[in-house]
Amino acid sequence: MKKLPLKWKLTILYTAFMTILTVVMLGVLLSLSSSEILSSAEKEMEERVFSVSEDMEWNGERLRLDSDFYEVENGIYLSAYDGEGDLIGGRLPYEFTQDVPLEEGLHKISAQGIQWEIRDASFEIPGYGTVYVRGIISITDAESSLQITIRLSLILFPLLVALAAVLGYLFVRRVFRPVAGITATAREIYEKKDLSKRIGLTGEKNEIYVMAETFDLMLDKVEQAFEKEKRFTSDASHELRTPVAVILSQCEYLLEDGELSGEERSAVEVIRQKARNMSKMIAQLLFLSRADQSRQAVHKELLDLSLITEMAAEEQIEIAGEKGIRIETDIQEGIEGYVDETLFIRLWMNLIGNGISYGKKGGWLKVGLKEENGRACGCVEDNGIGISEEQLPHIWERFYQADSSRTGKENTGSGLGLPIVKWIVEIHGGEISVESAPGKGSRFCFFIPLSKKQGENYCKQPES
């Protein structure tokens, strides 16, 4: 029950409620009907017993009885008896064979499996004496119509339950139709990363309409905040490029001065290194800013991915050697696929550079590429300091760096490399994952479709 959609839960509850309500109503109606049938039969029999007594006359020779004594109306039989209890006239039911003494009032008997109700009344006829009038009715026959109604109810009850379920489902579905629209819009916003989408619910202004309107207002605020952040990132990056370029050029100019003392030269070199790091970070910010605004060009062409991977690994060998890290490659030859060459190179450079930055001296770094189910599978594995399980979900966030141990003096990272890697993989219609453990190292693996059509089918504007 817990795993059922809310729509089905409400339908089941509605059907159960209607079933219980129907059972209770039928029970009450049948109970009242049974009492009403008996009460009505008793009243009608008593009226007939007393009405026929008014038409009995003694003509001096015999007692004249009304024709009603010989007619059966609504199952009521009438008969007349003298003071000795002998039958004078009238009709008796065929099944009624029991000799029942005359007794004033209403009483019930059972004979041959049939319930009978008898009403006896005595009257004084001038010139004749006492005459007893007896009315007889079969309770069993009177209740037979009720039994038919009960059987019909039992036959129709499953149909009523099914009808209640269908009507309940249609009703709930109609009520939840706006909710389905809200859900679809929210999912579309999530999948396409398009904050310009709005629910735009129209129709009756009920609680759901107010909720949808509130969501739209919230999305307006969120979109405005994101747009402001994008503009700020882009504007700030552009504004910082010129002063950083001036700082670098001035540092180069000062370092050419042979009269600088050792201490002064060391200070200028520190400034130059920090300026270079800042210039790199600004370039990364501009890249992500263009990606956020869908302005980053992606030109896919058929390339030898094995060759590009080999070149990227060789280019990093010298940098890795400075830390005493050995780069090993396991690259399958002849893998071709549709990728953007610049972005694909950048993907490898960021992953390999990340492994070198957080590797340990004297360690190793493995670079691998193979074809698997029509996709290029690339991996970069190191035996460096690793990342804790709690921090793994955050490494794709901008400016995030796991802990102080990963931000030492030798580390010039800005926390933007992995978000760029994730964007490059996803813009090619692929996916990336990471496995890591503190003190044991990390393993980054990505999968990119090789065919152009596959890449276009999977491709979407990813979240940066």
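The values are calculated or read from the model by the stated rules, or taken from the named source; none is laboratory data. Note that the structure is predicted; figures quoted are calculated from it, not measured. Using ideal geometry, Cβ is built from the backbone for each residue, glycine included, and neighbour counts are taken over all protein chains shown. Side chains included, ligands, DNA and RNA excluded: accessible areas come from the protein's heavy atoms. Shrake-Rupley method; radii C 1.70, N 1.55, O 1.52, S 1.80 Å.
The single condition from (1) at pLDDT below 85; (2) over 27 Å from ILE427 (Cβ atoms); (3) in contact with an Asp or Glu (Cβ under 9 Å, 6 or more places away or on another chain); (4) not aliphatic (A, V, I, L, M) that TYR253 fails is (3). Any residue at all in the stretch 255-264 that's more than 39 Å from the chain's Cα centre (by Cα), touching a residue at least 12 places away in the same chain (Cβ under 8 Å) and open to solvent by 50 Å² or more (accessible area, probe 1.4 Å)? No, the stretch 255-264 contains no residue that is more than 39 Å from the chain's Cα centre (by Cα), touching a residue at least 12 places away in the same chain (Cβ under 8 Å) and open to solvent by 50 Å² or more (accessible area, probe 1.4 Å). The set of residues in the stretch 27-66 that are modelled with pLDDT under 80, open to solvent by 50 Å² or more (accessible area, probe 1.4 Å) and part of a helix (DSSP H, G or I) comprises VAL28, LEU29, SER31, LEU32, SER35, GLU36, SER39, SER40, GLU42. From the list ILE325, ILE345, the one residue that fits, being within 22 Å of GLY415 (Cβ to Cβ) and touching a strand residue (DSSP E or B) at 6+ places or on another chain (Cβ under 7 Å), is ILE325.
For LEU307, are the conditions met, namely being closer than 30 Å to THR242 by Cα and either assigned to a helix (DSSP H, G or I) or free of Cβ contacts under 8 Å to residues at least 60 places away in the same chain (or both)? When the stated conditions are applied, LEU307 does not pass them. Taking the stretch 315-335 as the range and being open to solvent by 30 Å² or more (accessible area, probe 1.4 Å), closer than 19 Å to TYR358 by Cβ and small (Gly, Ala, Ser) as the test, the residues that pass are GLY321, GLY324.
Annotation: of all residues in the stretch 278-322 being of a type in the set (S, T, N, Q) and in contact with a strand residue (DSSP E or B) (Cβ under 6 Å, 6 or more places away or on another chain), the one that is nearest to ARG346 (Cα to Cα) is THR309.
The combined condition, being out of contact with any helix residue (DSSP H, G or I) (no Cβ under 6 Å at 6 or more places or on another chain) and either touching a residue at least 12 places away in the same chain (Cβ under 8 Å) or within 30 Å of ALA16 (Cβ to Cβ) (or both), is not fulfilled by LYS205. Just one of (1) in a loop (DSSP other than H, G, I, E, B); (2) buried (at least 20 other Cβ atoms within 10 Å of the Cβ) fails for TYR338. It is (1). Taking the criterion of being more than 13 Å from SER138 (Cα to Cα), charged (D, E, K, R) and either within 60 Å of the chain's Cα centre (by Cα) or surrounded by 13 or more Cβ atoms within 10 Å (Cβ to Cβ) (or both), the residues of the stretch 72-104 that qualify are ASP82, ARG91.
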